[in-house]
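This report concerns only the one structure given below.
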Amino acid sequence: VFVTAAGIEALRVRAKTTHREEWARALATLAAVGQEPPAPPGPQERRSQNVVGMAIAGASLAYAVEQDPKYLRAAKAWTLAAIDYEPWGYTFNKPNTDLAAGHLLYAIGWAYDLLYHEWTAGERARIRQSLERHAGLVYDAFAPKPKRRHSFTQNHNFIPTAGLAVTALALMGESPDAPKWAALARAHHHRAGQLLSPDGYYYEGFEYWIFSTPWLVHFLDAWEHSTGESLWDRGQYRNWKYMVAHSILPDGQTVADFGDIWQG
């Protein structure tokens, strides 16, 4: 989805040479290592399943680069727990179709792809079945229907559809519905690219820019790598740097307080 086999070899070289210090810091922050995952049916605290998704992605990439069995054990434990969560997200608000679903489709889809040859046949079947079910639920929530409206610039749209794209690309050639999942995700992100402010401004404020824009990047990176089509040529992507420059004070930490930012 994001990298070729040759690219992983290049990452291994970088991790030991030019980016050794950065990689060491990344390895030191892996949430899945040395901890048991929240058990099914899954945690309900705010953003808690988002954290599970990031833990899976981190441990999976760490194993791909380091080939250390402890990272594989962590990636497997957290992935095989999360596929059985019910729902993905909150029982009381948009279950299986909102931010947690996006995080888990992204992370588990990428882990399935990145560690494909490390899963047993039985594990692959379980993971694929869960991904197919949850991708179908997200697809149904965001597919066009009469009188249905979408807020394409909202993170509650482009985060779930970014996750849908990663899973679709990971399962391309295995799941018959993967092409339509991918097409829908591309449609939503293409429209977001047309509607977000071309000067780089993000209307939800800086904290939500930090939370939200990585998901636009995840989609754009995965899509370009997997299909060869670049959708980066949009004003807001080129000009994000200006919003950052105009929002952060010279100390590099303090941010102009506008929009929906931190504690308000």
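Pull out the extension gain between ASP84 and GLU174, defined as 0.36 nm times the separation in residues minus the alpha carbon to alpha carbon distance; nm, one decimal.
30.3 nm
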Q.
Just to confirm the filter: which chymotrypsin sites (Phe, Trp or Tyr not before Pro) across the range 139-204 are DSSP coil and have at most 13 other Cβ within 10 angstrom of their Cβ?
A. TYR203
**Q.** Per-residue HN-Hα couplings for the range 6-11 [Karplus 6.51, -1.76, 1.60; θ = phi - 60°; Hz; x = Gly/Pro]
**A.** 5, x, 5, 4, 5, 4
Q) Taking the C-alpha atoms of the range 10-83, how large are the radius of gyration and the largest Cα-Cα span, Dmax, in Å? A) 13.2, 42
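Would you mind giving the three semi-axes, in whole Å and largest first, of the ellipsoid equivalent to the range 161-264 according to its Cα gyration tensor? Before the final figure, lay out each step's value.
Numbers: eigenvalues 189, 37, 25 Å².
Equivalent-ellipsoid dimensions as semi-axes: 31, 14, 11 Å.
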Q) Cα-Cα over 23 Å: which of LYS70/LYS94; LYS145/LYS180; LYS16/LYS70; LYS147/LYS180? A) LYS70/LYS94
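Counting pairs of alpha carbon atoms under 8 Å apart in space and at least six apart in sequence, what relative contact order in percent does the chain give?
The value is 16 percent.
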Q | Span from the the range 144-158 Cα centroid across to the the range 9-69 one, whole angstrom | A | 31 Å
Q: Would you mind getting the Kirkwood hydrodynamic radius of the chain from its Cα pairs, rounded to one decimal in Å?
A: 19.2 Å
Q: Pick out which of ASP251, ASP221, ASP68 has the largest mean-square fluctuation in a Gaussian network model of the chain, springs linking Cα atoms closer than 10 Å.
A: ASP251
(Q) Just to confirm, what accessible area per residue do you get for the chain at 1.4 Å probe, in whole Å²? (A) 49 Å²
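Rounded to the nearest 500, what is the 222 nm mean residue ellipticity of the chain from helices alone, with -39500 (n - 2.57) per DSSP H run of 4+ residues and division by all residues?
Value at 222 nm, helices only: -20000 deg cm²/dmol.
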**Q.** Ranking by accessible area, most exposed first, for ILE83, ILE248 with a 1.4 Å probe
**A.** ILE248, ILE83
Q: Name the residues whose placed amide hydrogens come within less than 5 Å of the amide hydrogen of GLY205, ignoring near sequence neighbours (fewer than 5 apart) on the same chain.
A: ASP260
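Tell me, rounded to the nearest percent, the portion of alpha carbon pairs in the range 76-232 spaced more than 23 Å apart.
Working: 4304 of 12246 pairs.
Counting every Cα pair in the range 76-232, those more than 23 Å apart make up 35 percent.
The values are calculated or read from the model by the stated rules, or taken from the named source; none is laboratory data. Because the structure is predicted, anything quoted here is derived from the model rather than measured. Reconstructed Cβ throughout: ideal geometry from the backbone, glycine too, with neighbour counts over all protein chains shown. For the accessible areas, the whole protein counts, side chains as well, though only heavy atoms, and no ligand, DNA or RNA atoms are used. Shrake-Rupley method; radii C 1.70, N 1.55, O 1.52, S 1.80 Å.
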